[in-house]
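The values are calculated or read from the model by the stated rules, or taken from the named source; none is laboratory data. Keep in mind that this is a model prediction, so the values were computed, not measured. All Cβ positions, even for glycine, are placed from backbone atoms using ideal geometry, and neighbour counts span all protein chains on display. Side chains included, ligands, DNA and RNA excluded: accessible areas come from the protein's heavy atoms. Shrake-Rupley method; radii C 1.70, N 1.55, O 1.52, S 1.80 Å.
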Amino acid sequence: MNGQLCEAVIKRDRWVEHLKKKAEHTAKVTYNNERATMILNTTYKTAMEGNLIPDRETLVTRIGNMIKSPNSSWSGSCQGHTSMHKSLERVDE
């Protein structure tokens, strides 16, 4: 070795720098104070309303119901993805 950094070390250092930037972005933008407060309040509201999912079976049932019978806002956002719905219908038959 001649004292120069090998390519693997240089790549690792670039990757670490990239991850630090992503972490900073997540902390400042994605989960800023407003977003964190919204998440906290929503979770608290859900818990207080008693709309908790008690077990795995209930969770699976709710997910299945959401996929088979989406609410209007979700249903409108995924038009054109009917192949997923058709494949799910075949599973039930």
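Data overview
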{"item": "Where a residue in the stretch 27-51 is part of a loop (DSSP other than H, G, I, E, B) and its partner, wherever it lies, is modelled with pLDDT under 85 and hydrophobic (A, V, I, L, M, F, W, C), with Cβ under 9 Å and at least six apart", "result": "TYR31/ILE39"}
{"item": "Conditions (1) surrounded by 11 or more Cβ atoms within 10 Å (Cβ to Cβ); (2) modelled with pLDDT of 85 or more: number failed by LEU88", "result": "(2)"}
{"item": "Among (1) modelled with pLDDT under 90; (2) surrounded by 10 or more Cβ atoms within 10 Å (Cβ to Cβ); (3) of a type in the set (A, V, I, L, M), the one test that ILE10 misses", "result": "(1)"}
{"item": "Counted residues, the stretch 42-64 - those being within 19 Å of the chain's Cα centre (by Cα) and either at pLDDT 80 or above or open to solvent by less than 80 Å² (accessible area, probe 1.4 Å) (or both)", "result": "9"}
